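Readers should treat all values here as calculations from the given coordinates under stated rules, not as data from a laboratory. Bear in mind the structure is a predicted one, so any value in this text is a computation, not a measurement. Note that we place each Cβ from the backbone using ideal geometry, even for glycine, and neighbour counts take in every protein chain shown.
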Amino acid sequence: MATKTVTVGILALQGNFAEHAALLAAMSVQVQYVRTVQDLEQCTHLIIPGGESTTISLLLASTGLDAAITDRCRASTLSVMGICAGAILVATKITGKNPPASLGLIDITIDRNAYGNQLESFDASLIVSHVDRPVRASFIRAPVITHVGKDVEVLAMHGEHPVIVRAGNVWALTCHPELRDEESIHRLFIAS
Amino acid sequence: MLKPVKHTRNTLGEDLARMLKGGVIMDVTTAEQAVIAEEAGACAVMALERIPSDIRAEGGVARMSDPALIREIREAVSIPVMAKVRIGHTAEARILEAIGVDFIDESEVLTPADPFDHVQKASFSVPFVCGATSLGEALRRISEGAAMIRTKGEAGTGNIVEAVRHLKLITRQIAALQDMTAADRTAFAEQERVDANLVESVREAGRLPVVTFVAGGVATPADAALVMSLGAEGVFVGSGIFKSSDPQRRAAAIVQATTHFNDAALLADVSSGIGQAMAGQEIAQLELSMQHRGH
C-alpha cells in the first residue's frame, strides 16, 4: 500500500505552536511552521494552536491565510485541527464578548472563555473514542462547545460539554493534550 | 536521574503563559485603551493607573491600581487581563487574586513594598510574571513560584538597550552552564541562592523552564522584531503605544512585527507612516533606575 507523505503545518502566527512542533518531532512527523500562504502549500494537515483567537484572526486576515485555509479545507486537500483558540476559529458560530472573524469550517457553536478567567482553568483526564486509555489534557481559559451539527462526531465529553469533535477533515478540541505530552489525538488526526 | 525540584510550580499558569507566546501584552489605563489594544491584536492587556513613563515624570509612590479600574477594563475586553503589585506586597496580590485577574505582575515599575522578600507566589492559584535582569534573578523568582519571566529592561524610557542587555545576559548565562563542571554549577547555585536541581534542569533544557518575554523599552515595530530575533517569546509594551502619536496604528504594527520578525520587507511596510514614537530617554540621564528594584 502506498503511503501518502504527511506534512503537518502548524499555524505559527501567535500562541503555543512550539509545543505542537516538539510533540510531532518526537513522533518523527514532518512539520512545517505556517506564517504565509506559501508555507501552507506542501501541507497535508494544519494545526491551529491555542493562543488568543482575536490576535490569530487578525493575522490570518493580514496574511491571506484565512482564504487559503478555507479554500483547501473545502476542497478536501487539507485536514485542519483547531485547538482552544483554534477551535474557536474553525467554528461556524462564535458567541461571547468581542468574537473574532471565523473560518466557519465545522458546524459547531462555541462560547469563548465560557468557564471564566484563569482561576477556572483546570486539568482533566478524558475518555476518548478510538483511544484505549484515558487522555490527559489541560483546559486554559477554555471555550465551551454549546451546540454540534448533525454530522459532527463527538469523540470526548467533559461534564455535559463536547470537548473533542470531528466532522470529516476538520477537528476541534477545547483542551490541550500537547501540554501533557499526549500524542494520541495528534496520531488520530494525522491518520485521518 | 535528578531529584525532583523542590519548589511548587503553577502548571496551569505556565500553560496560560504558553498561550501568550508570539504575542504583545500592552499597558492600558482605561477601558477605551483596552479596546484599542484588543482590536490591534494584543494577546493580553496590563491594566494600570499610570504607565511607567508617567510614573517616572510624576514621581510619588506607585501602587496597585484601583480594583474598580481593573474590573472595568476586564469588562471591556475578552483577552486575558494582567495587573501589577508592588514587589513583596502579598496583600495587594491577594486582592488581585480575589477579583480574578488572569496574571499578576510583581513589578519593579511600582514602588517596592518589602525590602527583604518577594511575594511567595507558590501559595497562590493565580499565576505570576516577574522581571529579571540575570539568570540567578529569574531562577529565584521561579523558585518562589513565578509562572512566567520577563526581562526588566528599563521601563518608561522608550530605550531598548537595557531589555537587550538582560535578554542577552540570561541567554549567555544559560549557555555558560553547558560548559561548567558539576562543581562549578553547584557553586553557581549556592552563590545565586537557588536549588541546584533547578540549575541542572535549565542546563539540560538549554532554556528557562517557563515562558520568557521581553519588557522595558520597546517603542517601535523594529524594537519588537529585534528582541524576538534574539530569542524572546513575546513582548510587553508599556509606554511605547499610548505615548506615541498614533496608538492604534503603532499597536497593530508592533503585533505584525512580533509575528513576522524575520520578514524585513513586511517590517519596512508596517514601520512606515505610523507617526511619532514616544520621546525616549538616555539611560545615563535617568534619575530613577527601576531595574535595580528587587533582587
Mean Cβ-within-10 Å packing, highest first, puts peptides A:49-61, A:104-116 in the order A:49-61, A:104-116
Residues whose placed amide H lies under 5 Å from that of residue A:10, excluding near-sequence neighbours: A:32, A:33, A:34, A:47
Just in the range A:70-163: which GluC sites (Glu not before Pro) are loop by DSSP and have at most 15 other Cβ atoms within 10 Å? A:160
Positive-end extreme of charge dipole, the range A:7-191 - chosen from A:73, A:14, A:47 (charges on Cβ): A:73
Packing rank of B:70-80, B:156-166, where each peptide gets the mean count of other beta carbons within 10 Å, highest leading: B:156-166, B:70-80
Extension gain from residue B:193 to residue B:72, taking 0.36 nm per residue of separation minus the Cα-Cα distance: 39.5 nm
Per residue of chain B, what 222 nm ellipticity follows from adding -39500 (n - 2.57) for every DSSP H run with n ≥ 4, rounded to the nearest 500? -13000 deg cm²/dmol
In degrees, nearest ten, helix B:67-76 long axis to first principal axis of chain B (Cα): 70
Using packing as a proxy for protection, rank A:169-180, B:203-214, B:237-248 so that the peptide with the highest average count of other Cβ atoms within 10 Å comes first. A:169-180, B:237-248, B:203-214
For B:18-31, what's the mean count of beta carbons from other chains sitting within 10 Å of each residue's beta carbon? 5
Using Cα-Cα distances under 8 Å and only pairs 6 or more residues apart, what relative contact order does chain A have, in percent? 18
Dipole in debye (nearest 20) - chain A, about Cα centre, beta carbon charges: Lys, Arg +1; Asp, Glu -1: 200
Could you tell me how many degrees, from 0 to 90 and to the nearest 10, lie between the Cα long axis of helix B:161-179 and the main elongation axis, the longest principal axis, of the Cα atoms of chain B? 20
Counting only other chains, what is the mean number of Cβ atoms within 10 angstrom of the Cβ of each residue in peptide A:9-16? 5
Which angle from 0 to 90°, rounded to the nearest 10, does the C-alpha axis of helix B:196-205 make with the longest principal axis of chain B? 60
Comparing A:89, A:23, A:46 in a Gaussian network model of chain A (Cα, 10 Å), the one with the largest mean-square fluctuation is A:23
If I build a Gaussian network model for chain B, linking alpha-carbon pairs within less than 10 angstrom, which residue out of B:66, B:195, B:102 has the largest mean-square fluctuation? B:66
Once you average over the residues of A:128-141, how many Cβ atoms of partner chains fall within 10 Å of each Cβ? 2
